[in-house]
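Student: Before we start, here is the structure in question, set down as structure tokens.
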Amino acid sequence: MRAPARPLSAAVSRWRDDPFSRGGWSLLRVGGTPATRAALGVPFGRVILAGEASHPDQAGMVHGAFEEGLRAARWCIGQEVRSVIVIGAGAAGIGAARALQDAGIHTVLLEARDRIGGRTWSVNLTPTDHAGNTPCVLELGGNWLQQGARNTLAPIAQAIGCRLVDTDFHDPLQLGSAPAGLDSATTEAVMGRLRGMAERATRERDLPLAGIVDALLASPAPFDRETVQYVVDAEVFLDTGAPLGELSARLGFEAGVGAGDRWIVEGYGAVLRSLLGDIDLRLNTAVAEITWSEHGASVRHATGTLQADAVIVTVPAAVLQDNSPRFVPELPSAQREALELMTVGRVEKAAMVFAKRWWPASSNGYIRIADGPGRISEWLDVSDALGVPAITAIFVGDWAAELWDGQGDAEVAARVADVLWRASGAVAGPSSS
């Protein structure tokens, strides 16, 4: 058997360890509802919080964050302010700053990192020996324009000439220990039963999602236990990355993928950069403290203090839970209580470019690999669209921890490539030499 192929170039995320993300997208704990998210986004004084976590029905999605940024900007405009500080240059922050700037309001956009994008992160992995002219852009964060025609960022991507590629999440190439004969109809039937059980069990009060899943696994007929476990891992756990005991049985798995999802060949970065224009963007500016009142707000960072009529805060909910930035006075009780009803999962990504494509081709580029209960990963093969053998992988929960923790980026990429190698059965593929 030959050794697994090693990537020519690779990049990996560290979302769990990133102090400006603290994990993946927001999730609702037991007792959380869309009203919880809405409460997080209620203005206080001259401050408003906005991001995917505050969107009542498009949470966890990039366009949801963008729409919340626009909502926050509309509130500021309605207050007839003359100056606004926007904290965070992800989709929400850039959306807010763009709308404010277009309305003639003096706007400063502060970003703690040395890049824009927040929890989207487009990286160029074009190998030095690649003779093509097309950059090999892959995503280490948000990847898809979700919800089809509902997506408010899709028209912007199309207007600047981005190429969009459809992904059918209902038709993955199943590798590894996936049950034989599993199809989309069976998957939907299992999920329908799980949702029905959750609805009946939580009519009087919310419960942890884990208990509902355990009940289904205890009596899986007409399905077998293996199929139920795989579907739950693929459709719920892979979409959250969090222990199911932490999640609401009513709303622990909210609307997300599966409705006309497309990825951007040029990357989310191209879309967000197109919105920056003349915005006063200040990178490497982490905000330590926000002092607010009914009349305005001030923002303190490492090298000084800025004042404005209003402040829009778009940092993730998990970062706010760490009291970063600090609010003076503290956040109102409604926002603090909303944050207590939210959690976040462990989600990591690896992007890799190879000398040749040695893994099996999927009809739409979408692949799932399973290695037992709770160990499932999601892959997007972008080789055909980019003209370069390239693929990205998403790992969640304990499997992500096993591959990532204590390892350097090169070793993580090698471990991830080995997962694909073994699942592909690529015993006669290219050597690593």
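Student: Within the range 273-307, which residues are under 17 Å from Arg98 (Cα atoms) and of a type in the set (Gly, Ala, Ser)?
Tutor: Within the range 273-307, Ser274, Gly277 qualify.
Student: Collect the residues in the range 381-413 that are in contact with a Gly (Cβ under 6 Å, 6 or more places away or on another chain) and either small (Gly, Ala, Ser) or assigned to a loop (DSSP other than H, G, I, E, B) (or both), keeping them in residue-number order.
Tutor: Correct list: Gly387, Gly397.
Student: Something else about it: Whether any residue in the range 66-75 is buried (at least 17 other Cβ atoms within 10 Å of the Cβ) and over 21 Å from Val271 (Cα atoms) is what I want to check.
Tutor: Yes: one or more hits.
Student: Between Arg193, Arg203, Arg250, which is charged (D, E, K, R) and in contact with a Gly (Cβ under 9 Å, 6 or more places away or on another chain)?
Tutor: Every option except Arg250 fails the conditions.
Here is a yes/no grid of residues against (1) in a helix (DSSP H, G or I); (2) over 15 Å from the mean Cα position of the chain (by Cα):
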position	(1), (2)
Gly241	no, no
Gly245	yes, yes
Ala259	no, yes
Arg262	no, no
Glu266	no, yes
Leu275	yes, yes
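Student: Another question, if that's okay. Working carefully through the options Ala112, Ala178, Ala149, Ala154, find the one that is assigned by TED's automatic domain parsing to the domain that holds Asp233 and either on the phi > 0 side of the Ramachandran plot or among the aliphatic types (A, V, I, L, M) (or both).
Tutor: So the residue among Ala112, Ala178, Ala149, Ala154 that is assigned by TED's automatic domain parsing to the domain that holds Asp233 and either on the phi > 0 side of the Ramachandran plot or among the aliphatic types (A, V, I, L, M) (or both) is Ala178.
Student: Considering (1) closer than 23 Å to Asn364 by Cβ; (2) buried (at least 24 other Cβ atoms within 10 Å of the Cβ); (3) more than 18 Å from the chain's Cα centre (by Cα), say which one Ile87 fails and leave the rest.
Tutor: (1)
Student: State which residue is nearest to Arg71 (Cα to Cα) when the search covers only the range 94-108 and only residues that are assigned to a helix (DSSP H, G or I) and of a type outside the set (D, E, K, R).
Tutor: Ala96
Student: I'd like to check something: does the range 277-300 contain any residue that is among the hydroxyl-bearing types (Ser, Thr, Tyr) and under 30 Å from Pro34 (Cβ atoms)?
Tutor: Yes, there is a match, as at least one residue in the range 277-300 is among the hydroxyl-bearing types (Ser, Thr, Tyr) and under 30 Å from Pro34 (Cβ atoms).
Student: Which pairs have Cβ atoms under 6 Å, sit 6 or more apart or on different chains, and link a residue in the range 219-242 that is more than 11 Å from Ala178 (Cα to Cα) to one that is polar (S, T, N, Q) and at pLDDT 95 or above?
Tutor: Ala242/Thr343
Student: Then there is this: Can you tell me which residues in the range 307-338 are hydrophobic (A, V, I, L, M, F, W, C) and either out of contact with any strand residue (DSSP E or B) (no Cβ under 9 Å at 6 or more places or on another chain) or outside any strand (DSSP E or B) (or both)?
Tutor: Matches in the range 307-338: Val315, Ala317, Ala318, Val319, Leu320, Leu331, Ala334, Ala338.
Student: Let me ask you something else. What tally of residues in the range 148-205 results from selecting those that are aliphatic (A, V, I, L, M) and closer than 20 Å to Val265 by Cβ?
Tutor: 9
Student: Select from the range 277-306 the residues that are farther than 21 Å from Ser54 by Cβ, in contact (Cβ under 8 Å) with a residue 60 or more places away in the chain and assigned to a strand (DSSP E or B) and list them in ascending order.
Tutor: Asp280, Leu281, Arg282, His301, Leu306
Student: Another one. Which one is nearest to Pro332 (Cα to Cα), of the residues in the range 17-48 that are aliphatic (A, V, I, L, M) and free of Cβ contacts under 8 Å to residues at least 60 places away in the same chain?
Tutor: Per the stated criteria, the residue is Ala38.
Student: Of the numbered conditions (1) in contact with a strand residue (DSSP E or B) (Cβ under 7 Å, 6 or more places away or on another chain); (2) part of a helix (DSSP H, G or I); (3) closer than 26 Å to Met342 by Cα, Asp206 fails exactly one; give the number of that condition.
Tutor: (2)
Student: A follow-up question, please. Given the conditions (1) in contact (Cβ under 8 Å) with a residue 12 or more places away in the chain; (2) hydroxyl-bearing (Ser, Thr, Tyr); (3) in contact with a Leu (Cβ under 8 Å, 6 or more places away or on another chain), which single one is not true for Ser274?
Tutor: (3)
Student: Let me confirm something: among Leu194, Leu138, Leu216, Leu182, which residue is part of a strand (DSSP E or B) and surrounded by 15 or more Cβ atoms within 10 Å (Cβ to Cβ)?
Tutor: Exactly one residue qualifies, and that residue is Leu138.
Student: Which of the residues that make up the range 77-130 are among the charged types (D, E, K, R) and out of contact with any Lys or Arg (no Cβ under 8 Å at 6 or more places or on another chain)?
Tutor: If the condition is that a residue be among the charged types (D, E, K, R) and out of contact with any Lys or Arg (no Cβ under 8 Å at 6 or more places or on another chain), then Glu80, Arg82, Arg98, Asp102, Arg113, Asp114, Arg115, Arg119, Asp129 are the ones that fit.
Student: Another question, then. Look at Asn364 and say whether it is in the same structural domain as Phe44 (by TED's automatic domain parsing) and part of a loop (DSSP other than H, G, I, E, B). Talk me through it step by step, then tell me what you get.
Tutor: Numbers: in the same structural domain as Phe44 (by TED's automatic domain parsing): no; part of a loop (DSSP other than H, G, I, E, B): yes.
Taking the combined requirement at face value, the residue does not satisfy it.
The values are calculated or read from the model by the stated rules, or taken from the named source; none is laboratory data. What you see is a predicted model; the values in this text were computed from it and never measured. Every residue, glycine as well, gets a Cβ built from its backbone with ideal geometry; the counts of neighbours run over all protein chains shown.
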